[in-house]
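The structure appears right after this line, and notes come after that.
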Amino acid sequence: MINTYDEALSFIHGRTKFKKIPTLKRMRRFLDELGAPDKQINAIHIAGTNGKGSTLAFLRNIFQAEGKTVGSFTSPFLIKFNERISVNGEGISDNEILRLTQAIYPTIMKLDAELPEGGPTEFEIVTAMMFKYFAEGHADIVLIEVGLGGLFDSTNVVMPKVSVITSIGWDHMHILGDTLPKIAFQKAGIIKSGVPVVVGGVDPEPLAVIVKQAQKKHSPIKILDQDFKAVDLGEKDWQQHFDFTSDDLHLKDVSTALIGDYQVHNAALAIQAYIEYQQLNEQHVDASVVQNGIQATRWAGRFERISTHPTIVLDGAHNISAVNLIVDTLENDFSTGHVYILMGILADKQADRMVEKIATVPNASIVLTQFAGPGKRAAANPETLENKLETRPKNVSAVDDWQDAIQQLKRKLTDADILLITGSLYFISDVRKYLKNQNHNFK
């Protein structure tokens, strides 16, 4: 039996990560054995290649500004496992993780014995813990982030009030498909019959796939830049400003501490999802609630300034689509001074494309490094990656030890420069712990 928090984590992390055949039948059976807790919550479901976490954070703060208690399910965690299941942005306690694991353990053992392919995977177990916890009534509304894809993701058993698809880009192609329309089809798998869906900035071809699925499911669809709009007003004093317009709400000069024009898009998606939810429940759409919620939003690891002297920024960009967005932000808002970029990237990502893209920033120097990847996933070797670059950019170098690299780069920084540490959420999680242990002057 599982008796401690550490034993609970060891049990969860020791489970199979994937099964050979993708299916939701096992997850449905698992939850039905537990009393179908997914059918007892009030949810918004969020999918997309990038922007899921930030959109969720904006939505959470909007609902909190309205006075609601908001549950969240996100992945991966940045500091501690408990973050994955949170209430008003705070991860649940160690005791709750232990209690939930103990509660579902007998069912897992039963399914291990009865199912030919074995019982639930790691992510299915964590998802079930989330559903069970929130079915107990700990939140007024639950915001659920898809783990991977959408169609066969274990969260996709839920019947939400609103669905959100933030973006379609290149990631997990070995699982989701080798074209954007194929990836879009997987993401569009979260669309449920009659449930409104809000869609972000998606290219025409994958967008057509999403629209087709929405029509097939008779789901009302609202698309960014067609049915609602956000105009980026730029960054000033580490605040991003924008205007928002839809048929139901007009906001001028909304500001957020989440930097980047892509965060404007994520905020717009959250606002529109809030509008859809309020209208479904015949509740008032409060402009001041929206303004205050967006202003209050913080989301660790999303172009997050953690230090001002020197200026150090952490960003978990982990695929080419996210790197494209960072490049736009650097070129639009950080063209003065020098940008030192330390990158640690998992080997199973498009690491060479990510580096070659970020190396196009005119005022940037990139240092490649490595870190201990999660589980069996290895980080890309920096020297191997540097030699693999087809364009051979002159502003790219390699340092094996990322801690040494940070100290070297910090010594080069002037007041006009920034140090951006990026490439993987797992990497910046390690960096955050290291800097805090060094008693760094976190902002």
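A few remarks follow.
- Nearest-20 debye value, the chain charge dipole, Cβ charges on Lys, Arg, Asp, Glu: 860
- Within the chain, percent of DSSP bridges classed antiparallel, to nearest 5: 40
- Applying 1/(1 + (r/R0)^6) with r as the Cβ-Cβ distance of Thr384 and Gln407 and R0 = 25 angstrom yields a FRET efficiency of 0.60.
- Annotation: extensible slack from Arg298 through Asp328 equals 8.7 nm (criterion: 0.36 nm per residue apart, minus Cα-Cα distance).
- Phi angles of region 385-397 translate, via the Karplus equation with coefficients 6.51, -1.76, 1.60 and θ = phi - 60°, into HN-Hα couplings of 5, 4, 6, 7, 5, 5, 7, 6, x, 6, 9, 10, 9 Hz per residue; Gly and Pro are given as x.
- Over the Cα atoms of region 210-258, the radius of gyration divided by the Kirkwood radius equals 1.16; this is the Rg/Rh ratio.
- Proximal lysines relative to Lys229, as straight alpha-carbon distance under 17 Å, when same-chain residues fewer than 8 apart are discounted: Lys252
- When each of the peptides 193-201, 231-239, 263-271, 355-363 is scored by how many other beta carbons lie within 10 Å of its residues on average, the order from highest to lowest is 263-271, 193-201, 355-363, 231-239.
- Charge dipole (region 240-373, unit charges on Cβ, about Cα centre) - positive-most of Leu325, Tyr340, Thr256: Tyr340
- Rough spin-label spacing in nm, given labels placed 7 Å along Cα→Cβ, for Ala103 and Asp140: 2.2
- Alpha carbon Rg of region 62-211, scaled by the compact-globule rule 2.2 N^0.38 Å: 1.14
- Translational diffusion of region 118-206 was estimated from the Stokes-Einstein equation, with Rh taken as the Kirkwood radius over Cα pairs; at 37 °C and 0.692 mPa s the coefficient is 230 µm²/s.
- GNM flexibility winner over the chain from Ile320, Ile144, Ile108 (Cα, springs under 10 Å): Ile108
- Protection proxy ranking for 384-390, 337-343, using the average of other Cβ atoms within 10 Å per residue and placing the highest first: 337-343, 384-390.
- Spin-label model, Asp243/Tyr434: points 7 Å from Cα along the beta carbon direction are separated by 4.5 nm.
- Å² per residue, accessible surface of region 287-443 at 1.4 Å: 44
- When P(r) over Cα pairs in 10 Å bins from 0, in percent is computed from the coordinates, the matching label among (1) 4, 21, 30, 24, 14, 5, 1, 0; (2) 4, 20, 27, 22, 15, 9, 3, 0; (3) 4, 21, 31, 28, 14, 2, 0 is (3).
- For region 331-405, the tally of Lys pairs with Cα-Cα distances below 19 Å comes to 5, considering only residues 8 or more apart or on different chains.
- Pairwise FRET efficiency - Thr16 versus Ser93, Cβ, R0 = 30 Å, nearest 0.05: 0.65
- Remark: region 133-290 is approximated by an ellipsoid whose semi-axes, taken from the C-alpha gyration tensor as √(5λ), come to 25, 20, 16 Å, largest first.
- Residues whose amide H falls under 5 Å from that of Leu342, counting only those 5 or more places apart or on a different chain, are Val367, Leu420, Ile421, Thr422, with hydrogens built in the peptide plane.
- Phi-derived couplings, Karplus 6.51 cos²θ - 1.76 cosθ + 1.60 at θ = phi - 60°, listed residue by residue for region 290-307: 4, 4, 5, x, 5, 5, 7, 6, 10, 8, 4, x, 10, 6, 8, 7, 9, 8 Hz, with x used for Gly and Pro.
- In region 1-136, Rg over Rh equals 0.96, where Rg is the alpha-carbon radius of gyration and Rh the Kirkwood radius from pairwise Cα distances.
- By the equivalent-ellipsoid construction on the alpha carbon gyration tensor, region 391-443 comes out with semi-axes of 21, 15, 11 Å, ordered largest to smallest.
- Once the chain from Lys216 to Thr69 is taken as fully extended at 0.36 nm per residue, the excess over their C-alpha distance is 49.5 nm.
- From its DSSP helices (H runs of at least four residues, each -39,500 (n - 2.57)), the chain gives a residue-normalised ellipticity at 222 nm of -12000 deg cm²/dmol.
- Candidates Gln291, Gln407, Gln213: whichever shows maximal mean-square fluctuation once the chain is modelled as a Gaussian network with Cα springs under 10 Å: Gln407
The values are calculated or read from the model by the stated rules, or taken from the named source; none is laboratory data. In this text the structure is predicted, and so the values were computed from the model without any measurement. A quick note on method: Cβ atoms are made from the backbone with ideal geometry, for glycine too, and the neighbour counts reach across all protein chains shown. Surface areas here come from the heavy atoms of the whole protein model, side chains and all, with no ligands, DNA or RNA. Shrake-Rupley method; radii C 1.70, N 1.55, O 1.52, S 1.80 Å.
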